[in-house]
1. Where does region 1-66 land on the Kirkwood hydrodynamic radius, alpha-carbon pairs, in angstrom?
2. Tell me, Cys20, Cys56 in order of fewest to most beta-carbon neighbours within 10 Å?
3. Tell me, Tyr19, Tyr43 in order of fewest to most beta-carbon neighbours within 10 Å?
4. Compute the distance in nm between two label points, each set 7 Å from the Cα along the Cα-to-Cβ direction, one at Leu55 and one at Glu83.
5. To make sure I understand the rule: partners must be lysines, Cα under 25 Å from the Cα of Lys38, and not fewer than 8 residues away in the same chain. Which ones qualify?
6. Based on the mean of other beta carbon atoms within 10 Å per residue, what is the order of 84-92, 44-52, 25-33, most packed first?
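Here, each number is a calculation from the coordinates, and none is a lab measurement. All values derive from a computational prediction rather than experimental measurement. Neighbour counts are summed over all protein chains in view; Cβ atoms, including those assigned to glycine, are modelled from backbone coordinates with ideal geometry.
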Amino acid sequence: METNEIKKLENLRQLTAKYCNTLTPSADKTGTHKAQIKMQNYYELGCTITEIIKLCIVALEQEAHQTSTTIKYSPINVPLILEMVLEMFPLDEFELITEINELLVE
């Protein structure tokens, strides 16, 4: 390779190392990658999950007025199910896990 091409490749490697770090190759050599979401603690993770569920509920309620052409009988009430899941979600336990984890890490 020419010197100019080698410099371009090295520059590309540096840019890739600097900016392409969302996915990391898995250790099991299967060709898959992992994406990590950084959270402060388990409680923040629990809050994030509950907000995603709330978003799904709102999105489904916006489409509730539309009638399904594929389902002739009464459809499953997905917003009701998601509301029940949200009520059952152990957010307090996630907060407890966070407290325990912080005690053990210190």
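1. On the way: mean 1/r = 0.0610 Å⁻¹.
Evaluated on region 1-66, it is 16.4 Å.
2. Ascending Cβ contact count within 10 Å gives the list Cys20, Cys56.
3. If I rank by nearby Cβ atoms, fewest first, I get Tyr19, Tyr43.
4. The answer from the label model is 2.2 nm.
5. Lys18, Lys29, Lys54
6. The peptides rank, most packed first, as 44-52, 84-92, 25-33.
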